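A.B. asks: Sharing a structure, written as structure tokens. Questions coming.
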Amino acid sequence: MTSGIYTLFDIPTKAPRRCWSMNTWRTRLLLNYKGLDYKTEWVEYPDIKPRLNQHVPPNEQGAQFTLPAIQMTDGSYVMDSYKIAEVIERTHPEPKLPLDQTLLLKFRKILIDFMGALTPIYVPGVAQSILGDESIEYFLKTRHEDVGMPLYEYGRLQGPGSFERAEPFARQMTALLKEAPSGPYFLGDTLTYVDFIWAGILLFFKCLGDEEYQEILKRSGDAEAHTRFLEALSPWTERDD
């Protein structure tokens, strides 16, 4: 039996709960753009594995269960944002959203360096500014294991200079965005999945804090290009819960 409604599994902020994760945002944008009927099921960090492990295998890297994940209208589950995009594009080809591999490869190379430089800013920031009581202990414990020290100490020691280190990659991202001079998207007036990935990053930093978001825009070398980009996506960024 099918309901005709998709379920998006997302990690909430503190109340009032809304989307913040750069990874789940890209899937939410996809569902919004395709005009699909979906509901949000909020899943706190320690509940992700118990919620998904009977329905999907762990991901290939690290044998973990991560969000985003969705439940399809036939009851099946899909985990991983790119796998979700492939399935949705195949089952709902209109309106079209190209999964441009050439652009994606160039974009991901820059993105990895950009986000790597900012890790000491945004990972402690998630704990400090975004997560509620149900997730915070789990997040602090697991990220302590990831970075090898208490998370707030990591931010205090490694955070200074992060925006400066990220600036060359922020400017590379701006150059990639402006390769098609007509804009506002990475391929000019053609919307692609890469646009949703970058929008998710910008929306995440907006949620993290205005100071962080404005610093990202400043370091990009052309704040207007990125604000114009987000404004063009506004029909699909409005629903965040």
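A.B. asks: Evaluate the relative contact order of the stretch 131-241 (contact order divided by residue number), counting alpha-carbon pairs under 8 angstrom at least 6 apart; express in whole percent. Don't skip to the answer; put the middle values down first.
C.D. replies: On the way: 65 pairs, mean separation 26.2, N = 111.
For the stretch 131-241, the relative contact order is 24 percent.
A.B. asks: Further question on the same structure: Per DSSP helix of 4 or more residues, -39500 (n - 2.57); summed, then divided by the residues of the chain. What does that give at 222 nm, rounded to the nearest 500? Walk me through the numbers on the way to the answer.
C.D. replies: On the way: 11 runs with 137 residues, N = 241.
Dividing the helical sum by the residues of the chain leaves -18000 deg cm²/dmol.
A.B. asks: In terms of modelled amide H atoms, which long-range or inter-chain residues lie less than 5 Å from the amide H of Y38?
C.D. replies: Sorted by chain and number, the residues that satisfy this are Y6.
A.B. asks: Now for a different question. Where in the chain are the DSSP H helices whose alpha-carbon span along the long axis reaches 24 Å or more and whose Kyte-Doolittle mean is at least 0.5?
C.D. replies: For the chain, where a helix must reach 24 Å along its axis and average at least 0.5, the hits are 101-129.
A.B. asks: Solvent-accessible area of V126, probe 1.4 Å, all protein chains present, reported in Å² to the nearest ten, please.
C.D. replies: Roughly 10 Å² of V126 is accessible to a 1.4 Å probe.
A.B. asks: Moving to a separate point now. Return the whole-Å distance between the Cα centroid of the stretch 42-67 and the Cα centroid of the stretch 174-218.
C.D. replies: Spelled out, the Cα-based centre of one part sits 28 Å from the other.
A.B. asks: Probe radius 1.4 Å, ligands and nucleic acids ignored: give me the carbon and sulfur share of the accessible area of the chain as a rounded percent.
C.D. replies: Accessible surface attributable to carbon and sulfur in the chain totals 49 percent.
A.B. asks: Pairs of lysine in the stretch 86-241 with Cα under 28 Å and at least 8 positions apart or on different chains: total?
C.D. replies: Close lysine pairs found across the stretch 86-241: 14.
A.B. asks: Percent antiparallel among DSSP beta bridges with both residues in the chain, to the nearest 5?
C.D. replies: Percentage antiparallel, nearest 5: 60.
The values are calculated or read from the model by the stated rules, or taken from the named source; none is laboratory data. Computed from a predicted structure; not experimentally measured. Quick note on the areas: whole protein, heavy atoms, side chains included, nothing else; ligands and nucleic acids left out. Shrake-Rupley method; radii C 1.70, N 1.55, O 1.52, S 1.80 Å.
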